[in-house]
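Written out below as structure tokens is the structure these notes cover.
The values are calculated or read from the model by the stated rules, or taken from the named source; none is laboratory data. All values derive from a computational prediction rather than experimental measurement. Heads up, the Cβs are rebuilt from the backbone with ideal geometry, glycines too, and the neighbour counts pull from every protein chain shown. SASA here: full protein model, heavy atoms, side chains in, ligands and nucleic acids out. Shrake-Rupley method; radii C 1.70, N 1.55, O 1.52, S 1.80 Å.
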Amino acid sequence: MSKGQALFRLALLALFLACGLPAIAEDAQKEKLDRQYQSAVADFQAGRYAQAADQLEKLLPYAPQSYEIHELLGIVYAALSQDAKAIDHLKIAVQIKPESAEARTNLGASLVHAGKADLAGEQFRKALSLEPRSYDANHNLGEFYIQTGKVAEAQPFLEQAEQANPGSYDNGYDLAMADFLLGRRDTARQVIADLIKVKDTGELHNLLGQIDEKDGKYVEAANDFEAAAHLDPSEDNIFDWGSEMLLHRTYEPAIAIFQQGAQRFPKSPRIFIGLGLAYYSRGKYDDAIKALITAADLNPSDPRCYVFLSKAYNSSPLQAEEVIERFRRYAELQPGNALAQYYYAISLWKGKRVEDSRIDLTTVESLLQKSIALDDSLAEAHVQLGNLYADQHQYEKSIPQYERALALDPNLSDAHYRLGTDYVHVGNKESAQKEFAVYQKLRAEHLAEVEKERAEVQQFVYSEKGSAPSKP
């Protein structure tokens, strides 16, 4: 039930006051209590919830069985986020008027807020049985199913509510979302087209963009997301617009969009990760590192920015100290995270080599060994530990590391090359030739590596959007 609906019903409650308080006092007392009740309603409508609750609590001893007082008091406590008190009073209201669909609906809404979904569902279903053609009863039950992830169950009730009130924006949006999630994209488009005539909003264009994206209409999707961002320049809409450009490799527009987003939302880690990815994809590695460092500082425990920071750092070593510091912090924050230890090791090793200073190889080796101990399936850690040993001509140690890495991922072209080189050093020329042949084949098929990076970008974007679209 929307706040507007609640206020409309509260206006009606005042009309019932004469029925709710007729036997509690003589005329003078009744008039005083009536004024007090009206004052409580006014306080609620003005958002003065604590004052409204205080006045209603004082009224309650004079009319302990007043449906109107218990109902309003429950709504007031719900507005104050005092769920237990709200539920207590709304339960009494239901007991007083068990055939009131409105009472059932309000109780159901409070139960949802309190995390008691099963009990809430019972109340919403009871409200519908009392008023099967009611817009409110159908919409509230449909929205309840949406919120509990039961989209298929929600759709018929939302459709029934749409028939009862075709002009309702909230129900129309929920119905379009349900149709989209159920794969009924053409139906969802039509619902949105009708709804835009009623109220043209950013969230409708955003949803339309998601539908077009699913249908492979990428130009239309980009236009939809742009329209959404112009109508409502929220963080979600700007991120979705920039992400659409990023996913389809229009990098300069993506950079411009994420730059706008960074100015508007300077505390958003995902905006800065998006900006860093756009810079990286465009080959602007120094700018990418700066953006990703900002993202890491905004949310030091988010693993995603470190994945891309590591990639950008591989292409640009100019900010070594700052990058090393972020990976060191991440490793300390996540001592049981294999990738955190791996990133720190590689950043330290690469950074010190660039500075041409003494490298603490013992620390690098220890970090790589720790990473493997935490997760032996991390092929990249085996490759780098192999590289460390090979650089020191410890081929008896490097070869097993490369072999393990290739057992985990046979498509690591560099591992094949390094293993072949080590075989040459130990005199195993036949095995070396085989590894070099595989290396040449994989290098000719280098698109697999490009697609892997693209998949990582997609994973970040879709994880930020969520596995299913949601209403902002």
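Couple of notes before you dig in:
- Phi-derived couplings, Karplus 6.51 cos²θ - 1.76 cosθ + 1.60 at θ = phi - 60°, listed residue by residue for the stretch 236-252: 4, 5, 5, 4, 5, 5, x, 5, 4, 5, 5, 4, 10, 6, 9, 6, 5 Hz, with x used for Gly and Pro.
- Relative contact order [Cα under 8 Å, 6+ residues apart], the chain, whole percent: 5
- Distance in nm between pseudo-label sites at residue 114 and residue 361 (7 Å out along the Cβ direction from Cα): 6.7
- Residues of the stretch 97-111 with amide N under 13 Å of a point placed 7 Å along Cα→Cβ from residue 147: 105-111
- Distance in nm between pseudo-label sites at residue 28 and residue 129 (7 Å out along the Cβ direction from Cα): 4.9
- Added length on full extension, which subtracts the Cα-Cα distance from 0.36 nm per residue, residue 217 to residue 440: 76.5 nm
- Rolling a 1.4 Å probe across the protein heavy atoms gives the stretch 55-182 an accessible surface of 42 Å² per residue.
- Hydrodynamic radius of the chain per Kirkwood, over alpha carbon pairs, in Å: 27.0
- Pairs beyond 22 Å (Cα-Cα), from 290/311; 350/370; 116/465; 397/434: 116/465
- Charge dipole of the chain about the Cα centre (unit charges at C-beta), most positive-ward option of 108, 119, 345: 345
- Net charge dipole size for the chain [Lys, Arg +1 and Asp, Glu -1 on Cβ; Debye, nearest 20]: 340
- Scalar couplings 3J(HN,Hα) for the stretch 140-157, obtained by applying the Karplus form with A = 6.51, B = -1.76, C = 1.60 to θ = phi - 60°, are 5, 5, x, 5, 4, 5, 4, 5, 9, x, 9, 5, 4, 5, 6, 3, x, 6 Hz; x denotes Gly and Pro.
- Out-of-range pairs (alpha-carbon distance over 29 Å; input 85/126; 284/429; 30/97): 284/429
- Shown for the stretch 223-283: the carbon plus sulfur share of the solvent-accessible area, taken with all protein chains present and a 1.4 angstrom probe, equals 48%.
- Label-point separation in nm, residue 36 to residue 299, each point 7 Å along Cα→Cβ: 5.1
- Taking 0.36 nm per residue of separation and subtracting the Cα-Cα distance, full extension of the segment from residue 373 to residue 430 would add 17.3 nm.
- Principal axis dimensions, largest first and in whole angstrom, of the stretch 33-125 by Cα: 38, 24, 18
- Per-residue ³J(HN,Hα) for the stretch 130-139, Karplus 6.51 cos²θ - 1.76 cosθ + 1.60, θ = phi - 60°, Hz, x for Gly and Pro: 6, 9, x, 9, 5, 4, 4, 5, 5, 5
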